[in-house]
Amino acid sequence: MTEETKVQYAKPIPLKTIDNAPYWDAADQHELNLQKCTDCGHYAHPPGPACAHCGSENVVWENQGSSIEGTVYSYVVSYRPFLPGFEEDLPLVIAVVELAHIPEVKIIANILNATPDQVDIGTSVKMVWEKINDERAIPQWELA
Ligand SMILES: [Zn+2]
């Protein structure tokens, strides 16, 4: 134990696997990395060992940078914590967001600092990265 008091991050921290590590490594740098199939050209999100469209294992990673915008494709509002650590965030808006520059890619994350009445289908949002500890950060959305 150190004398320094640290606020502990109480929510689950996403686990890096061999398939998704490039996604989370980029997130830690506040960037979006997307998996793309070099055979059929489709993006694969969430990432996996092979292309979800054609089954090809020829997938590469494409860095999209830090300026990510999108629109709400669908969303739910959570009024009950279904995982530990979310009690303070309720009601929580969880959205499926269609990327502005790659509409075929939809990324699910929370919309931070928004009340449910501020969010609708088509609402413009931008990606932000929530720092969860010294090394890790998670992509989230915020009203644009
Ligand atoms: Zn493919």
Select from the range 99-131 the residues that are touching a residue at least 12 places away in the same chain (Cβ under 8 Å), open to solvent by 50 Å² or more (accessible area, probe 1.4 Å) and in a strand (DSSP E or B) and list them in ascending order.
Lys106, Ile108, Ser124, Lys126
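Any idea how many residues of the range 43-59 are of a type outside the set (Gly, Ala, Ser) and over 22 Å from Glu98 (Cβ atoms)? Step through it out loud before you land on a result.
Step one: of the range 43-59, the residues of a type outside the set (Gly, Ala, Ser) are 43, 45-47, 49, 51, 53-54, 57-59.
If we keep only those that are over 22 Å from Glu98 (Cβ atoms) as well, we get 49, 57-58.
Here the count works out to 3.
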Filter the range 30-65 down to the residues that are outside any strand (DSSP E or B), surrounded by 14 or more Cβ atoms within 10 Å (Cβ to Cβ) and away from the ligand (no atom under 13 Å from the Cβ) and list them by number.
His30, Glu31
Regarding the range 87-97, can at least one residue be identified that is touching a residue at least 40 places away in the same chain (Cβ under 8 Å), within 13 Å of the chain's Cα centre (by Cα) and surrounded by 15 or more Cβ atoms within 10 Å (Cβ to Cβ)?
yes
Residue by residue through the range 9-29, note down the ones that are assigned to a helix (DSSP H, G or I) and either closer than 18 Å to Lys106 by Cα or within 16 Å of the ligand (Cβ to nearest atom) (or both).
Pro22, Tyr23, Trp24, Ala26, Ala27
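The values are calculated or read from the model by the stated rules, or taken from the named source; none is laboratory data. For clarity, every value in this text was computed on a predicted model and none was experimentally measured. With ideal geometry, Cβ positions are generated from the backbone for all residues, glycine too; neighbour counts draw on all protein chains shown. Accessible surface areas use protein heavy atoms only, side chains included; no ligands, DNA or RNA. Shrake-Rupley method; radii C 1.70, N 1.55, O 1.52, S 1.80 Å.
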